[in-house]
Structures are given as structure tokens and as C-alpha cells.
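Student: Got a structure here, written out as C-alpha cells. Questions coming.
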């Protein structure tokens, strides 16, 4: 687990200085060591967090005749059998690290052949001096970030956006088109980042860059072809494949722990892993306390349980640093507990397993059609779903026009086409967790320069067309996998863990697990009993039934309570009142929104948090970036102490 960066530009004179500057900005990703390679055409940079082959895995790594070099961020979990196969084919390895499998695998099988064989999370680049070409790839789901800028014959590549700002001549410019969809989504879901001209490299793709031209190729995407397994066979297969995957994911030359909440996702993985150390956090507000139930499971299994409480004042103080590490504004409040969970875990382990991906792959969200607890409504709606498609859609349109009644949302979302209504996590139908901004409302608070006609649902339409022949649940799963999971969940998991030099492994987002989950009939995933039904029932093979049946909770953060606290209201209002804000927002409107929320019922908290998060981020990167770098470009204190003590190789 590391950080990489690269520059291909024959015209750039001092590439050595440029690549070193990029490496320095991401030293938190790899405090163990660094390495680089520079010639007339290319510069490759690397920061290392030692996980496998602690003494011998430094990068860049070269092939036998030093004509090809690789820099790599991630883990290849099945590298041992691939290494054995490549040695048998005549390749000579100079390390025991998983990185070298990619280099020799490229030589033996080419990019397509290599990527069909690996299981893992990765962003990597290979310079082939034989044909003066840079090759690279991002993993199947986009677990590991990879960004690029391709402009005027110069390619810049990196694990984090902030490293681009260190390249001499790079023009830092806000992508004004991204502000409105961010407000509607709580994260940037566009292909172009908040920095104009810098793009996310797509998950499941590889590239070749030669003579100033970038060619991108797709090598993997989720496919949904139902298998013929019975329900009991499905449960056995889930358990068997997850156990095999977790066994692969425990491979490391450093301690491996696990994040443990009260929910099924992490509890199932941790029970399969049986680690020595597990970690959990809760808030100083007793309303939000997951740690007690996590400790109960830990006690049952004899794990060493570490827990911490998130202090509200500390969280609001540290929030700018969190947004610095995110690279782009992300208003998902779960960033906050994740920050302190990673900080806690890093004091004890270098690697931790986490449960991201289970909801998207095994259909855990209520938005997939579980908007009521009333069994009569569930059964009645299930009967309506048996109508011909045209009749269902026509009925849904009629229901939508009706006044509100119990079960309306459940019936409408089960009968209508998802492409007509689905907006992922931007609208939560539980009214205790209000929506973010509608398209109209977002335009209403933005200055004209930032207004546009983009909508959340509109941004999904290209992907909906790819899966229009699938059932509704699988369509929504595909959308969430390529949007909410890709551009929000995975981003915070990577950036926040790596801010603490902690490797986070996510077994649910393994290619083998995904291919199994995508083949499970929808009736086993979501039905009148529950969401994520098959995974819950499979988990009973290793979990007490009480844990297997726990409802979906997420990672709740008490921002409603915080924004009603006078000291935090004042802190947010001071930011809303700064001069630069009026260049982007209608300042009077957002101040009124904040004041009304403070005096009222707190129902505008998601809107306020989205605005506040953006302003904090904008201030860091565009108002006072020099001070930001001085303040936050460092490794975390707990990591620094490990380095000083010699415990971090």
C-alpha cells in the first residue's frame, strides 16, 4: 500500500524536482521509504508503506534487463500462485513483493491477460523503455484512486490530486461545473475532478500513453447473469467464497486487524478473519454508540477490543484536515468517525479489514425497495409487481400523482423504472434523515457562474442504458457501484485510512465475491423479509442470529445535534460569512438557511453540512493553500512515533 505519481513530458526540463515535489505531498501514504526514476521522457515517483517483503520491496522495480519499471499502489492477493507460474515460464524475480508479479505478468501476458488473472486493489504504472510507452491500470471497482491530466503533450498521473499542485506550471483552476452536482450529491460524481483538467481514471480500465496520446481500454465490468443455485446452495457458496477471500486478505508481513461495528458486514468478515485486534468508535453523544454491541461480539470471540469516543470539539477542530486529505470536498458525515477509527487502529496495526461494498453487492440499501415495515403493504406491492411491465409503469405514474398515503413511496419505487426516479443516496426516504439539495434549490443558492442544468438522475442515464434489460434492483445496484461506491465510499475509505498510513482491505470488493453476488437471483437478495437477505442468512453460519438480523445503520454522525450547539453554529457561521463566499453563493440565502436551521428543527442539516464542507475545502485549496501545505503536509503523530521507535520499517 503506497502512493504513486508520474510525469511523461519530454519538454519538462527539471523532472527530478517535479516528481520529488509530487512525492513529498503524499508522504503520508508511504512513510516507510520513497523511490524514483527519471529520464528524458518520464519521471516515476513512489512512496512506500511496507506491508509485504518489508526489506526488499522498494520501488520502482525493474525487470531483468532494466528496460521496464513499475510503480504500484495496492495489493495483489493472489500473487503467490502467479509468481510461481511466472518463474516456471522463465522470469527472474528480484523481490518477494506482490508488485513484481504485475511487471513480469505484463511482459508475459500483456495488459489484458495480466488483468484477467489478478485479484486485488491497485493503481499502477509501467514504463516500457523498449517502445517509449507508459502503461497503467486501476482496479476493478476503483478501490485505489488514480488521477490523470493529459494536456498539450504532458501526462501527469497520481494517487492523490494534491500532488498535481506541486508540478511546476500546473494551472490550479476550480472546475465550476462540479459545484452544483456536488451540492446535490454530497460528493463530486463527475468524471472531471474539482480541479479543472484533472480526471479520475475509470475503474476496470487500463491505458497506454505514447507520443502524447492516451488510449484507454476497458478490461472488466459488473455483469448480472443469474445462477441456478438453490437458496441453501447460495448460502453455502457465499460463506465458502468469503472464507477463501478473507484467508487471502490476511496475507501480510505486518499485523492485520479489523474494523468492527454492530452491523452484519464487519461482524461477518471479522468472524471469518478471527484477528487478534479489533477496533470500534462511538460518539460522546450516547444516541450514537456502536461500540457496546461490537464489544459484546468481541468478548464472545476472545478478540482484543480497542474503542474510542469521538469528541465533538475535537472533530470540528480536525475537520479541515480531513477535507485536505480527501482532495475534493466530501460531505458524507461518516468521514468523521472513520478518521478517528483509522487513527485508533494505526496505533496497533498496519492493515485492517473493513466491510465496504456489501450493501452494493448484496442489496443492503432500503432504496432498493424496502420503504415500509408494513407486511400488508409489502405483500400487496409484491402482487402488483407481477403485472406486465407496461402496466406496472403506468400504475407507478398514477401513484406518483396521488396525495401521500402509507406505503406510497414503497409502491412507487417498486413499480416505476429506476431510470425515472433513482438518485442513490441523494434522497433518503426516511424523513428523519432529510434530503440534500434539489437541482432547483442548488441553483437557487449559487451565483450564476456556478448554475447549470445538471441533475443527479441525469448523470446516471449513461449507465442506466447499459443495464436497462435487468430487473430494477440490479439496475440500482449497478448505479450505486459506479457512482456512490466509486466516488464517495471508496474515496473516503482510501484517503482517510492513508492519511494515517493505514492499509484498508475490503474483501467484499473482491472480483470473485462480486461475480458471485451479481449472479444471485434478486429474490434471494431483497424480499419481504429484509434487504441483504442472502448475506444475512449466510452469516448465521458464523454469527449469532442477533447480529445477522441487525438493521442497516450506516455510520451515523450527530451533525444535527452539533449544528444546534451555539459554539459550532458560531464556527460554521463565521465561515459562511467570509468575503470569498459571496463569489460563489448567495451569501444572504445560505446564512438564512443556517440561522433557520439553528432556531428550528434541524431539518436543513444536510444542506448546511454540504455547503460548510465545500467552503472548508475551498478555503484550504484556493484561499490559503500555502498555509494549508505547511499545516497538513506531514505524517500523523502516531505514525511518526512508530518511525522514531523503529517499529515502522
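The values are calculated or read from the model by the stated rules, or taken from the named source; none is laboratory data. This one's a predicted model, so the numbers in the text were calculated from it and none came from an experiment. Every residue, glycine among them, receives a Cβ derived from its backbone with ideal geometry; neighbour counts consider all protein chains shown.
Student: Just for helices (runs of 4 or more DSSP H) wholly inside the stretch 565-649: which have at least 1 residues that are over 26 Å from the mean Cα position of the chain (by Cα) and closer than 26 Å to residue 347 by Cβ? So that I can check it myself, show each step before the final result.
Tutor: Working: elements: 566-576, 587-599, 605-618, 625-632, 637-645.
The qualifying helices (runs of 4 or more DSSP H) are 625-632, 637-645.
Student: From the list 163, 261, exactly one residue is surrounded by 16 or more Cβ atoms within 10 Å (Cβ to Cβ), in contact (Cβ under 8 Å) with a residue 40 or more places away in the chain and closer than 27 Å to residue 279 by Cα. Which is it? Before you say what the answer is, go through the steps one by one.
Tutor: Details: 163 fails: closer than 27 Å to residue 279 by Cα.
When all the criteria are applied, what remains is 261.
Student: Could you check residue 34 against (1) under 25 Å from residue 101 (Cβ atoms); (2) modelled with pLDDT under 95; (3) outside any strand (DSSP E or B) and say which number it fails?
Tutor: Every listed condition holds for residue 34 apart from (3).
Student: If you don't mind, another one. Return yes when residue 144 is out of contact with any helix residue (DSSP H, G or I) (no Cβ under 8 Å at 6 or more places or on another chain) and either under 24 Å from residue 155 (Cα atoms) or at pLDDT 95 or above (or both) and no when it is not. Talk me through it step by step, then tell me what you get.
Tutor: Working: out of contact with any helix residue (DSSP H, G or I) (no Cβ under 8 Å at 6 or more places or on another chain): no; either under 24 Å from residue 155 (Cα atoms) or at pLDDT 95 or above (or both): yes.
When the stated conditions are applied, residue 144 does not pass them.
Student: Sort through 183, 157 and tell me the only one that's closer than 24 Å to residue 41 by Cβ, in contact with a strand residue (DSSP E or B) (Cβ under 8 Å, 6 or more places away or on another chain), modelled with pLDDT of 95 or more and surrounded by 24 or more Cβ atoms within 10 Å (Cβ to Cβ).
Tutor: Numbers: 183 fails: closer than 24 Å to residue 41 by Cβ.
The unique qualifying residue is 157.
Student: Restricting to the stretch 516-531, what's the tally of residues that are assigned to a helix (DSSP H, G or I) and touching a residue at least 12 places away in the same chain (Cβ under 8 Å)?
Tutor: So the first thing to find is which residues in the stretch 516-531 are assigned to a helix (DSSP H, G or I), and the list is 516-517, 522-525.
Narrowing further to those that are touching a residue at least 12 places away in the same chain (Cβ under 8 Å): 516-517, 522, 524-525.
The number of residues fulfilling the criteria is 5.
Student: Since residue 228 meets every condition but one in (1) in a loop (DSSP other than H, G, I, E, B); (2) in contact (Cβ under 8 Å) with a residue 24 or more places away in the chain, which condition does it not meet?
Tutor: Just one mismatch for residue 228, condition (2).
Student: How many residues does the stretch 410-429 hold that are surrounded by fewer than 18 Cβ atoms within 10 Å (Cβ to Cβ) and at pLDDT 85 or above?
Tutor: The number of residues fulfilling the criteria is 3.
Student: A follow-up question, please. Is it the case that some residue within the stretch 278-300 is farther than 30 Å from residue 561 by Cβ, in contact with a helix residue (DSSP H, G or I) (Cβ under 8 Å, 6 or more places away or on another chain) and surrounded by 19 or more Cβ atoms within 10 Å (Cβ to Cβ)? Please lay out each step first, then the result.
Tutor: Pass one, the stretch 278-300, residues farther than 30 Å from residue 561 by Cβ: 300.
Applying the additional criterion that residues be in contact with a helix residue (DSSP H, G or I) (Cβ under 8 Å, 6 or more places away or on another chain) yields none.
No.
Student: Somewhere in the stretch 317-327, is a residue farther than 20 Å from residue 496 by Cα and either in a strand (DSSP E or B) or modelled with pLDDT of 90 or more (or both)?
Tutor: Checking the stretch 317-327: not a single residue is farther than 20 Å from residue 496 by Cα and either in a strand (DSSP E or B) or modelled with pLDDT of 90 or more (or both).
Student: Among the residues of the stretch 328-338, write down those that are under 14 Å from the mean Cα position of the chain (by Cα) and in a helix (DSSP H, G or I).
Tutor: 335, 338
Student: Let me ask you something else. What tally of residues in the stretch 344-365 results from selecting those that are assigned to a helix (DSSP H, G or I) and closer than 22 Å to residue 410 by Cα?
Tutor: Step one: list which residues in the stretch 344-365 are assigned to a helix (DSSP H, G or I), which gives 344-346, 358-362.
Checking which are closer than 22 Å to residue 410 by Cα leaves us with 359-362.
Qualifying residue count for the region: 4.
Student: Can residue 91 be described as farther than 25 Å from residue 209 by Cα and over 22 Å from the mean Cα position of the chain (by Cα)?
Tutor: Answer is yes for this residue.
Student: Here's another thing I want to ask about it. Taking the condition of being out of contact with any helix residue (DSSP H, G or I) (no Cβ under 8 Å at 6 or more places or on another chain) and either surrounded by fewer than 16 Cβ atoms within 10 Å (Cβ to Cβ) or under 21 Å from residue 271 (Cβ atoms) (or both), how many residues in the stretch 538-566 meet it?
Tutor: 6
Student: Scan (1) within 15 Å of residue 182 (Cβ to Cβ); (2) in a helix (DSSP H, G or I); (3) touching a residue at least 12 places away in the same chain (Cβ under 8 Å) for the single condition residue 461 breaks and write down its number.
Tutor: The one condition residue 461 does not meet is (1).
Student: Residue by residue through the stretch 306-338, note down the ones that are in contact (Cβ under 8 Å) with a residue 40 or more places away in the chain and over 20 Å from residue 608 (Cβ atoms).
Tutor: 306, 321, 324, 325, 327, 338
Student: Within the stretch 147-155, is there a residue that is assigned to a loop (DSSP other than H, G, I, E, B) and under 22 Å from the mean Cα position of the chain (by Cα)?
Tutor: Let us first name the residues in the stretch 147-155 that are assigned to a loop (DSSP other than H, G, I, E, B), namely 152-153.
Applying the additional criterion that residues be under 22 Å from the mean Cα position of the chain (by Cα) yields none.
No, the stretch 147-155 contains no residue that is assigned to a loop (DSSP other than H, G, I, E, B) and under 22 Å from the mean Cα position of the chain (by Cα).
Student: Which residues, counting only those in the stretch 174-205, are part of a loop (DSSP other than H, G, I, E, B) and without any contact (Cβ under 8 Å) to a residue 60 or more places away in the chain?
Tutor: Residues of the stretch 174-205 part of a loop (DSSP other than H, G, I, E, B): 175, 186-191, 193-194, 196-198, 201-204.
Those that are part of a loop (DSSP other than H, G, I, E, B) and without any contact (Cβ under 8 Å) to a residue 60 or more places away in the chain: 175, 191, 196, 197, 198.
Student: Any idea which of (1) in contact (Cβ under 8 Å) with a residue 40 or more places away in the chain; (2) closer than 30 Å to residue 523 by Cα; (3) not assigned by TED's automatic domain parsing to the domain that holds residue 6; (4) not in a helix (DSSP H, G or I) is the one residue 235 doesn't satisfy?
Tutor: (4)
Student: Of the residues that make up the stretch 530-537, is at least one surrounded by 13 or more Cβ atoms within 10 Å (Cβ to Cβ), under 30 Å from residue 294 (Cβ atoms) and more than 28 Å from the chain's Cα centre (by Cα)?
Tutor: At the first step, the residues of the stretch 530-537 found to be surrounded by 13 or more Cβ atoms within 10 Å (Cβ to Cβ) are 530-537.
If we keep only those that are under 30 Å from residue 294 (Cβ atoms) as well, we get 530-537.
Narrowing further to those that are more than 28 Å from the chain's Cα centre (by Cα): none.
Within the stretch 530-537 (the criterion being surrounded by 13 or more Cβ atoms within 10 Å (Cβ to Cβ), under 30 Å from residue 294 (Cβ atoms) and more than 28 Å from the chain's Cα centre (by Cα)), the answer is no, since none of the residues qualifies.
Student: Is there a residue being in contact (Cβ under 8 Å) with a residue 60 or more places away in the chain, assigned to a loop (DSSP other than H, G, I, E, B) and farther than 30 Å from residue 252 by Cα anywhere in the stretch 366-386? Reasoning before the result, please.
Tutor: Filtering the stretch 366-386 down to residues in contact (Cβ under 8 Å) with a residue 60 or more places away in the chain leaves 366-370, 375, 378-379, 382.
Within this subset, residues satisfying the condition of being assigned to a loop (DSSP other than H, G, I, E, B) are 369-370.
Restricting the remaining residues to those that are farther than 30 Å from residue 252 by Cα gives 369-370.
There is at least one residue in the stretch 366-386 that is in contact (Cβ under 8 Å) with a residue 60 or more places away in the chain, assigned to a loop (DSSP other than H, G, I, E, B) and farther than 30 Å from residue 252 by Cα.
Student: Something else: Quick one: in the stretch 44-64, which of the residues that are part of a loop (DSSP other than H, G, I, E, B) and modelled with pLDDT of 70 or more is surrounded by the fewest Cβ atoms within 10 Å (Cβ to Cβ)?
Tutor: Of the residues in the stretch 44-64, the ones part of a loop (DSSP other than H, G, I, E, B) are 49-60, 63-64.
If we keep only those that are modelled with pLDDT of 70 or more as well, we get 58-60, 63-64.
Details: 58: 17, 59: 29, 60: 21, 63: 20, 64: 13.
Filtering first and then ranking leaves 64.
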